[in-house]
Amino acid sequence: GKVRAPTHIISTISDDRGEEPCYAGVPMSSIIEQGYGVGDVISLLWFKRSLPSYCTKFIEICIMLCADHGPCVSGAHNTIVTARAGKDLVSSLVSGLLTIGPRFGGAIDDAARYFKDACDRSLTPYEFVEGMKKKGIRVPGIGHRIKSRDNRDKRVELLQKFARSNFPSVKYMEYAVQVETYTLSKANNLVLNVDGAIGSLFLDLLAGSGMFTKQEIDEIVQIGYLNGLFVLARSIGLIGHTFDQKRLKQPLYRHPWEDVLYTK
Ligand code: ACO
Ligand code: LMR
């Protein structure tokens, strides 16, 4: 019989051996000729299946809404400083990406994990939030530096509006909104932020689409796919900031002494 040499890599998402590359079994020609969008390509390469169009549209909305948030946020600031230090595109990009984490843009997975656990266990917002406080953990997906009760995040409203009219259920999002109502009773800036909105709504997408088993949903949440949406989206803006600084021929950045408290 044939002897198969052992392989060192297993790959299940794409194949470039034939006449044309395939994403999750779908040939490139179908992707182009049948008018697939970026949301469809993400569905194939991340979730290994074609998702319904309201889901791929939602993914695309997340990407568009999170592409940039001005020059002052952590990621753009790092990218700008790096580009002004004369570094190349990739260095400037990753310098910005490296700020994405639990405080900035990378709270989506934890928001999904904690909202799912609390909602599935039918915790009241009071029990959930106060339980987190006892553990000394800030609620991921809640709070913003500049957004507040009276200056809501438009991105969150747009995501919620789309989901309310297109998703079969928005159970997890409604739970997150109840949590927000409670946290807003504690402080004005403890709004549901864009990470929390995406995290809770993605739970609704996974559960409501009928395309994933319970085990698959648990695996997606546990592995942490969802921060990938912010990483991918914000790369668009960070690349833009790099080009902007180069175009403007900006010199080396040095932070002003006046803005530092030198103390012992
Ligand atoms: N849950 C509970 N309490 C909170 C939370 C939260 N998520 N955020 C702030 N607070 C409370 C705490 O009592 C905090 O006091 P502490 O420092 O003793 O914990 C108090 O508000 C003041 O907090 P600040 O540090 O002044 O808030 P800041 O404006 O610096 O924080 C931030 C903003 C980082 C977003 C914060 O709210 C947070 O950590 N949220 C959770 C992580 C998160 O969702 N990040 C994504 C933000 S959206 C984005 O980046 C695209
Ligand atoms: C962002 O999308 O970068 C923001 O929500 C964070 C910020 O501080 O404005």
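Listed values, structure above:
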| item | result |
| --- | --- |
| Counted residues, region 150-175 - those being in contact (Cβ under 8 Å) with a residue 40 or more places away in the chain, within 19 Å of residue 188 (Cβ to Cβ) and either more than 15 Å from ligand 1 (Cβ to nearest atom) or not in a helix (DSSP H, G or I) (or both) | 1 |
| Matching residues in region 75-97 - criterion: being within 14 Å of ligand 1 (Cβ to nearest atom) and either aliphatic (A, V, I, L, M) or more than 22 Å from residue 251 (Cβ to Cβ) (or both) | 76, 97 |
| Number of positions in region 138-155 that are touching a Gly at 6+ places or on another chain (Cβ under 9 Å) and farther than 21 Å from residue 72 by Cα | 2 |
| Residues within region 53-95 that are surrounded by fewer than 21 Cβ atoms within 10 Å (Cβ to Cβ), away from ligand 2 (no atom under 16 Å from the Cβ) and small (Gly, Ala, Ser), tallied | 4 |
| Checklist (1) surrounded by 14 or more Cβ atoms within 10 Å (Cβ to Cβ); (2) free of Cβ contacts under 8 Å to residues at least 40 places away in the same chain; (3) of a type in the set (A, V, I, L, M); (4) over 17 Å from residue 192 (Cα atoms) applied to residue 132, failing item | (4) |
| Residue that is least open to solvent (accessible area, probe 1.4 Å) [pool: residues in region 98-124 that are part of a helix (DSSP H, G or I) and away from ligand 1 (no atom under 12 Å from the Cβ)] | 118 |
| Region 215-244: number of residues that are among the hydroxyl-bearing types (Ser, Thr, Tyr) and either open to solvent by 20 Å² or more (accessible area, probe 1.4 Å) or within 16 Å of ligand 1 (Cβ to nearest atom) (or both) | 2 |
| Matching entry among 96, 86, 70 (being at positive phi and touching a residue at least 40 places away in the same chain (Cβ under 8 Å)) | 86 |
| Number of positions in region 7-49 that are part of a loop (DSSP other than H, G, I, E, B) and under 21 Å from residue 221 (Cβ atoms) | 5 |
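The values are calculated or read from the model by the stated rules, or taken from the named source; none is laboratory data. Since we're looking at a predicted model, the values are computed, not measured. When we count neighbours, we look across all protein chains shown, and the Cβ atoms used for this are built from the backbone with ideal geometry, even at glycine. The accessibility values were calculated without ligands, DNA or RNA, using every heavy atom of the protein model including side chains. Shrake-Rupley method; radii C 1.70, N 1.55, O 1.52, S 1.80 Å.
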